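**Q** Before I ask anything, here is the structure I am working with.
The values are calculated or read from the model by the stated rules, or taken from the named source; none is laboratory data. Everything numeric here is computed off the predicted structure, so don't read it as measured data. Cβ: placed from backbone, ideal geometry, glycine included. Neighbour counts: every protein chain shown. Accessible surface areas use protein heavy atoms only, side chains included; no ligands, DNA or RNA. Shrake-Rupley method; radii C 1.70, N 1.55, O 1.52, S 1.80 Å.
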Amino acid sequence: MVASRNFFAALSAFFASAAFVAADDANVLDVRAADPCAAIAGKTWAAPRDVRACFAHFPVDPAIKANTIEVVNKTLAFHTSVNYQKRAPAPFTADVHEDVLADLARISHSWYPNEFDLHVDLSRTLKRLNDGHCVYINQCFDSLFLTYLPTPLVFLTDAAGHQSVHIAPEAFDVATAEFKDEVQFWQDALPGSLKGQLASLSGAKVLAINGLNPLIAVDENAKITGSFQGLGTRQNSFFASYNSASTGWTYLLGNFAQQSLPLNDDATLTIQRVNSSRIETITLPYRSRISSSAVKWTDAKSFHQNNCVAIDGTNGEDLYADGSSEKRRAVFENPANKFRQAPIPDPSVARKHHLNVILDSAPQQNVVLPPELVPKDPLAGSSGVAQFHLLDDGMTGVLALGSFSAASFDLLSQSLLTGLQNLKKQGATQLVVDVSNNGGGFICVAHWLHRIIVGPKSTTEPQAGLDTEARAGPLAQLIVKKIIAGADPSGELLYNPINWKSANNTPFPENFDWLDPAVKKVINGRQDAFSQRLGDECQPFGDTPPAEGLFDPKKVAIVSNGRCASSCSLFSITMAKEEGSKTVVYGGRKGVQQQYCGTVGGQSTDFSTIDTEVKTAQLKNHTLAPPDFVTNSVQGITWRLGFGIDDPAQPEEWQDHPADVNLPLTADIVNNPIAIWTQVAKTVL
């Protein structure tokens with residue numbers, strides 16, 4: 001079938017199709033230069049159709065296809081959630097029902113006209129898990145070019161309670177700051193008297209996208225964006241938002257205005273501009289911008305060789321390949337780090353302090369939040385992702401925490417303690433914790449923050465986190481046996497028993513086989529096997545926590561747009577369910593339950609890390625071991641799965657996390673952190 005040339009036209013047909021590149025794209029080569037990759041070589045900006053023509057230039061190599069599917073399939077043997085995700089329990093049964101193993105078999109037997117079509121099907125198959133830990137990314141295609149519009153959207157509620165989609169009030173300011181070299185292209189693309197009047201679109205009400213109710217586009221995007229179980233959270237990803245990043249306050253354009261694949265050529269918007277009764281229709285072209293990490297090329301051959309083939313770090317390493325008992329000091333950077341939605345520390349720090357972070361096919365961007373929206377005068381203790389403020393009421397402290405990781409574990413932990421102590425000295429008696437777009441980070445920082453806020457009590461000592469389990473497949477069991485036999489003398493590997501504790505917080509001895517016997521389970525009709533329950537590996541903490549809690553947890557409000565994942569979820573869940581802290585999600589559609597977090601997991605990792613475990617254990621030639629990727633690919637997984645607070649027998653991942661308050665976004669507070677915090681302080685705390 002011929003797919004629509006536009007992301008939002010003929011939506012249902014487009015999303016149902018496995019062939020996402022239109023047949024007429026094959027004819028593009030007849031009217032363009034014979035080498036479509038040469039046509040975009042050296043360009044900063046290009047039309048999406050031209051990028052797509054390059055991507056679709058390469059026929060599927062059966063051997064490469066088989067390799068990719070085998071690596072993904074065998075890596076999923078370590079993913080704890082495969083069988084749960086075949087049909088997730090309520091309340092997420094309608095959201096998560098992907099039999100990924102069956103779909104991999106389907107893809108294996110399906111024909112594709114080119115590598116790009118194959119990639120889109122494989123990528124979206126994994127995204128249907130709605131699990132930001134379990135994502136397939138190919139750097140040949142994903143975000144090699146990011147595709148943009150200058151009109152990010154927001155979802156606003158008016159004084160009468162009516163909700164509607166709008167072009168963000170700050171859209172033009174964002175576009176002129178981020179796209180200085182391309183704004184004129186969009187100015188010139190506007191029709192008639194609107195030509196050159198891009199600024200006048202800011203704040204406009206959007207009545208239709210490609211002739212359809214804009215909420216249809218929101219819902220169709222929610223079907224393919226992945227990352228979170230909750231429908232409301234996936235709907236919210238369509239819209240612009242903000243984050244306290246390591247580089248400062250950043251602006252997220254949302255899935256309408258920023259896309260990781262060049263699938264859309266333009267969008268037709270029916271709008272009503274601010275202070276106008278006139279209904280106007282405009283068509284704006286998407287534009288694709290080359291990534292700074294793309295390796296230059298001159299033609300199709302060099303494009304593919306430079307960007308599509310496995311690189312250093314794609315695959316794992318034997319940590320003791322030189323035969324010594326000392327771990328090799330130099331290891332390649334893991335390419336998955338580029339796509340992790342959190343600052344990534346040095347590999348040695350990451351192995352010492354475990355991470356729980358979502359992946360996304362679009363790396364974090366440094367689009368700047370407009371200066372007029374940036375909170376001013378952060379207090380002492382503020383550093384990188386952690387920013388502290390005291391509101392004008394003199395009693396509401398704010399911790400804006402954009403991530404649970406940073407370059408230094410110790411500095412982030414100390415910053416959180418210093419900042420909260422300073423807020424208390426300044427007179428704060430209640431606390432807003434803004435975790436908007438917090439993709440996770442250090443597991444133990446999440447537990448540390450819980451502990452220092454609420455103090456020592458049964459919910460924070462001897463552990464402040466959840467019990468977890470790892471999957472105990474045959475290859476994982478063999479890795480543990482090899483480690484016990486001496487394969488990891490420096491204690492570097494995830495499967496080394498010295499890294500873990502039992503559920504009663506007793507450390508495992510170095511010769512303990514913690515996967516044998518495996519705990520047998522039947523999940524959605526399939527046999528599965530897991531480790532015994534693991535306790536919290538974080539405590540005692542490296543630093544001494546305060547003897548008393550810094551804030552009454554019932555006077556704490558955790559605020560976000562729902563996009564709080566991984567270690568952020570671990571923190572939010574324990575604070576909400578165990579301590580009674582309030583949870584607030586701003587934005588979102590009436591009638592759709594907003595989840596205050598998602599993609600809980602317990603610990604995330606990726607193929608390259610698992611491959612290092614396999615190679616170091618000298619098991620690479622085992623029939624169950626995944627081969628090396630031959631493509632420039634990343635495969636993420638959930639390695640440990642946390643178990644519930646309300647129902648400890650089941651994973652916390654698919655238990656309900658409804659926000660206590662859904663705060664409507666109005667034109668005066670949207671993407672304005674101080675205004676949102678002030679509203680929460682007045683109405684929630």
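**Q** What full-extension length gain, to one decimal in nm, is calculated for residue 292 and residue 522 as 0.36 nm per residue of separation minus the Cα-Cα distance?
**A** Details: separation 230, 0.36 × 230 = 82.80 nm, distance 4.64 nm.
Full-extension gain reported as 78.2 nm.
**Q** Extending each Cα 7 Å along its Cβ direction at residue 649 and residue 618, get the distance between those two points in nm, one decimal.
**A** 4.4 nm
**Q** Which loop-located GluC sites (Glu not before Pro) does the range 513-615 contain, where loop means any DSSP state but H, G, I, E or B and the Cβ has at most 12 other Cβ atoms within 10 Å?
**A** Answer by residue number: 548.
**Q** Another question, then. Using only Cα positions of the chain, each an equal point scatterer, no hydration layer, compute I(q)/I(0) via Debye at q = 0.05, 0.06, 0.08, 0.10 Å⁻¹ and quote the log10 values to two decimals.
**A** Log10 of I(q)/I(0), two decimals: -0.22, -0.33, -0.59, -0.94.
**Q** Gain in length, residue 668 to residue 505, computed as 0.36 nm per residue apart minus the alpha-carbon separation, to one decimal in nm?
**A** Details: separation 163, 0.36 × 163 = 58.68 nm, distance 4.92 nm.
Result for the pair: 53.8 nm of gain on full extension.
**Q** How many Å² of accessible area per residue for the range 164-241, probe 1.4 Å?
**A** On the way: 2610 Å² over 78 residues.
About 33 Å² of surface per residue is accessible.
**Q** Could you list the residues of the range 534-558 with an amide nitrogen less than 14 Å from a label point located 7 Å from the Cα of residue 393 in the Cα-to-C-beta direction?
**A** So the set is 555-558.
**Q** Let me ask something additional. Using a probe radius of 1.4 Å on heavy atoms only, what accessible surface per residue do you get for the range 487-530? Whole Å² is fine.
**A** Averaged over the residues of the range 487-530, the accessible area is 49 Å².
**Q** Please report, largest first and rounded to whole Å, the three semi-axes of the ellipsoid equivalent to the range 428-481, where each semi-axis is the square root of five times an eigenvalue of the C-alpha gyration tensor. Let's see the in-between values first.
**A** On the way: eigenvalues 213, 52, 11 Å².
Largest first, the range 428-481 gives 33, 16, 7 Å.
**Q** Just to confirm, what accessible area per residue do you get for the range 55-129 at 1.4 Å probe, in whole Å²?
**A** Numbers: 2740 Å² over 75 residues.
That works out to 37 Å² per residue.
**Q** Below 11 angstrom from the Cβ of residue 397, what's the summed charge of the other residues (Lys, Arg +1; Asp, Glu -1)? Walk me through the numbers before you get to the answer.
**A** Numbers: positive: 424, 425, 555; negative: 393.
Spelling it out: positives minus negatives among the neighbours equals +2.
**Q** Ignoring ligands, DNA and RNA, what percent of the 1.4 Å accessible area of the range 471-511 is carbon and sulfur?
**A** On the way: 900 of 1740 Å².
Using a 1.4 Å probe with all protein chains present, the range 471-511 comes out at 52 percent carbon and sulfur.
**Q** Give me the percent of Cα-Cα pairs in the range 579-679 that sit more than 21 Å apart, rounded to a whole number. Walk me through the numbers before you get to the answer.
**A** Numbers: 2976 of 5050 pairs.
Roughly 59 percent, once rounded to a whole number.
**Q** Count the net charge of all other residues whose Cβ sits under 15 Å from the Cβ of residue 582, scoring Lys and Arg as +1 and Asp and Glu as -1. Spell out each step's value before the answer.
**A** Values: positive: 554, 555, 577, 682; negative: 434, 552, 578, 579, 660.
Taking every Cβ under 15 Å from that of residue 582, the sum is -1.
**Q** Quickly work out the residue 593-to-residue 159 label distance, labels modelled 7 Å from Cα along the C-beta direction, and quote it in nm with one decimal.
**A** For the pair residue 159/residue 593, the computed spacing is 3.5 nm.
**Q** What list of whole percents do you get for P(r) of the range 344-452, with Cα-Cα distances grouped in 5 Å bins up to the one holding the largest distance?
**A** The calculated distribution, bin by bin, is 2, 11, 21, 23, 18, 14, 7, 2, 0.
**Q** As a test of understanding, state the convex hull volume per residue of the range 248-350 from its alpha carbons, in Å³.
**A** Value for the range 248-350: 167 Å³ per residue.
**Q** Could I ask something else about it? Given the -39500 (n - 2.57) contribution per DSSP H run of 4+ residues, what per-residue ellipticity at 222 nm results for the chain, rounded to the nearest 500 deg cm²/dmol? Write out the running numbers ahead of the final one.
**A** Details: 20 runs with 178 residues, N = 685.
Per the formula, -7500 deg cm²/dmol.
**Q** If R₀ is 30 angstrom, what is the calculated FRET efficiency for the pair residue 332 and residue 45, using the beta carbon separation as r and rounding to 0.05? Don't skip to the end; give the middle numbers.
**A** Details: r = 31 Å, r/R0 = 1.04.
With R0 = 30 Å, the Cβ-Cβ based efficiency is 0.45.
**Q** Any chance you could run the full-extension gain for residue 90 through residue 661? It's 0.36 nm times the residue separation minus the Cα-Cα distance, nm to one decimal. Provide the component values of the computation, followed by the final result.
**A** Values: separation 571, 0.36 × 571 = 205.56 nm, distance 2.12 nm.
Roughly 203.4 nm would be gained on extension.
**Q** Sticking with the crude label model, points 7 Å out along Cα→Cβ, report the distance from residue 683 to residue 199 in nm, one decimal please.
**A** 3.2 nm
**Q** If you don't mind, there's one more thing I want to ask. As an exercise, use a Förster radius of 45 Å and the Cβ-Cβ distance of residue 675 and residue 108 to find the FRET efficiency, rounded to the nearest 0.05. List each step's numbers first, then the result.
**A** On the way: r = 51 Å, r/R0 = 1.14.
That gives a FRET efficiency of 0.30.
**Q** Would you mind checking 424/554; 65/338; 74/338; 520/620; 86/521; 457/554 for any pair whose Cα atoms are more than 18 angstrom apart? All intermediate terms of the calculation are to be shown ahead of the outcome.
**A** Working: 424/554 16 Å; 65/338 24 Å; 74/338 23 Å; 520/620 26 Å; 86/521 15 Å; 457/554 15 Å.
Long pairs (Cα-Cα over 18 Å): 65/338; 74/338; 520/620.
**Q** Now, a different point. Quick one: net charge of residue 71's neighbours, Cβ under 12 Å, K/R +1, D/E -1? Intermediate values should be presented prior to the final figure.
**A** Numbers: positive: 65, 74; negative: 70, 606, 611, 628.
Value of the local net charge: -2.
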